[in-house]
Amino acid sequence: MPAEKDSNTTHTTGSGDVEKISDTADSVKHVQTQTQVEVYHIDKEAEKRLLRKLDWVLMPMFTAIFCCNFIDRTSIARLIRTSPGNAKVAGLEKDLGMKGFNLNVALTIFYIFYNISDIPSNLLLKHFGSKWLAFLVTGFGVVTMFSSLMTNYAGLIASRVFLGLTEGGTLSALVYILARYYRRHELVLRVGIFFGIAPSIAGAFGGLLASGLLRINDIGIVTSWRKIFLIEGLVTTVFGIVLFFIVPEDPRTTKLLNEEERKLAIARLDADAVVKTQGRKEKTSWKLVGRSFNFLTVALTLCFTLLNMSFQGLSLFLPPVINTLGNYSVIEVQLRTVPPYLASAVWVVLNAYISQRMRKRFLPLLYNMILVVVGYSITVSTRNSSARYAACFLILMGASVGGPMILIWGTDNAAPDTMRAVVTAVIPGIGAFGAILGVWTYLSVDAPDYRKGNFANLASASTIFILVVIITLYIRWENKKRDRGDRDHRVIGKSAEELEQLGYLHPEFRYQI
């Protein structure tokens, strides 16, 4: 079922007047008030130029932001989990007096505060604009930088709390801002690019960067592992400060676009909206926030949680698998983690392009979950190192596609703007609890096979497959009811403001499948 209608439709305003709304590819009506209507004709060539401009500015910038986010977040895990020798070289555990499950506790605390911050952060972004994103990047850069001064385990816990608070809203902010510039069917490719490429770059080269920094001369009191936090944090902080001057604001006011381009950008937003608002954001209310937690959001959040568990687990499972292939140094282990991450980056972008072309989200999710199921089936059925290394390719490729696809599926079907802000925060925010599950299902006492963790992820991937089927059937059922007019009663007696706030509940809204 297409996300928007190609034919002219009508709806009734709160005053009882009937308005004719054109939602074709070339003509979009903007309803300014109940009595004043402005028509803006979309020129296809101008639209192509606008898309190229947005892509060349936003895609590199957002990929760099998420790459910094991912590297800073995983620095501690890379220091300790890469290989048995790396922790000794870095000395982090000894310097901070860590033992037993201390690392698992620290990672858990990070994800708890990551989750807590997500929804409030996106609502603040909606209110303050894109400068809030620059503040977040600068914030987690500063926290990472000052982590180089930690002297005990309590300092580590404190740093993980503040890192979770500042990093929590970053991914959701990136998706929300993109949703203000791209149409529903265009969003999946753009999110697929930065969501797929950035973690792959960070996963493939973050460890190499850490290994290189461990080998340079000490910087005063900043020695061993402290150099990693200092340099990575400093780079992110400088980048965050630069973002205050270059990150684009809302399409209605951004200096990135000229006046004509702003009109076109707003017309494109209205083309996907049932009730045209010319890009204006409705007032945030608790009612709209609560309405965001519908069946679709809850089901997709559960999928993201289970998938995050798999992704986190694989980051802990891959280095030990590589170590069983031979007697490798830290750098040699890191080099062998590059191919799976690079393969997943290419696979994510390819699947995002396919999903955009076919305007379907469920199909790429289904066949990629099959890849994950096959991969984990191999890990629990054999101890052959080469077969397990090949399985890591399948798992990483499938899981990397699943993340952005689930998030965009929820964003596609979230309206109005407040709901979009909440949903883009809820799915990755609550979904972060999956990383906590991954931390506690892949315990060091179960190394190097991590059989319990792999069985758990085999079950989680299978569950995701079933949930995607259920969500697909639900969307087909709901769209058919709207086609028959079974939801038309929702607009009766509604004022213009109430119609605007109906969002996805509006009978003319069609879920993206």
- Cross-link pairs K53/K360; K44/K263; K94/K227; K360/K480; K126/K287; K281/K360 - those with Cα-Cα distance over 19 Å: K53/K360; K281/K360
- Note on the structure: Over all Cα pairs of segment 376-513, the Kirkwood radius sets Rh, and Rg/Rh then becomes 1.14
- For T253 and K452, extending 7 Å from Cα along the Cα-Cβ vector and measuring point to point gives, in nm, a value of 5.3
- Note on the structure: Among chymotrypsin sites (Phe, Trp or Tyr not before Pro) in segment 153-256, those in a DSSP loop whose Cβ has at most 16 other Cβ atoms within 10 Å are none
- Calculated [θ] (222 nm, deg cm²/dmol) that DSSP helices of n ≥ 4 give over the chain, each run adding -39,500 (n - 2.57): -24000 deg cm²/dmol
- Message: As a footprinting exposure proxy, order V401, V57 by other Cβ within 10 Å, with the fewest listed first.
- Response: V57, V401
- Task: Per residue, how big is the convex hull around the C-alpha atoms of segment 397-468? Give it to me in cubic angstrom, could you?
- Result: 85
- Message: Viscosity 0.692 mPa s, temperature 37 °C: what is the translational diffusion coefficient of segment 335-410 from Stokes-Einstein with a Kirkwood Rh over Cα pairs, rounded to a whole number of µm²/s?
- Response: 257
- Query: What are the ³J(HN,Hα) values, in whole Hz, obtained from phi via the Karplus relation 6.51 cos²θ - 1.76 cosθ + 1.60 with θ = phi - 60°, for each residue of segment 114-119 in sequence order, with x given for Gly and Pro?
  - Reply: 4, 5, 4, 7, 4, 5
- Query: Using the 10 angstrom Cβ neighbour count as an exposure proxy, how do C67, C303 rank, fewest first?
  - Reply: C67, C303
- Extension gain from E282 to I219, taking 0.36 nm per residue of separation minus the Cα-Cα distance: 17.6 nm
- Query: What is the Å³ per residue value for the convex hull set by the Cα atoms of the chain?
  - Reply: 128
- Compute the long axis of helix 385-412 from its Cα atoms, compare it with the longest principal axis of the Cα atoms of the chain, and write down the angle in degrees, 0 to 90, nearest 10. 30
- Item | For segment 177-291: Kirkwood Rh in Å [reciprocal of mean 1/r, alpha carbons] | 18.1
- Any idea what angle helix 184-215 forms with the longest principal axis of the chain, computed on alpha-carbon atoms, 0 to 90 degrees, nearest 10? 20
- Message: Amide H of L256 versus every other amide H placed in the peptide plane: which residues, excluding those fewer than 5 positions away on the same chain, fall under 5 Å?
- Response: E249
- In degrees rounded to 10, the 0-90 angle between helix 131-146 Cα long axis and the longest Cα principal axis of the chain is 10
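Readers should treat all values here as calculations from the given coordinates under stated rules, not as data from a laboratory. All values derive from a computational prediction rather than experimental measurement. Quick reminder, even Gly has a Cβ in these numbers, built from the backbone with ideal geometry, and neighbours come from all protein chains shown.
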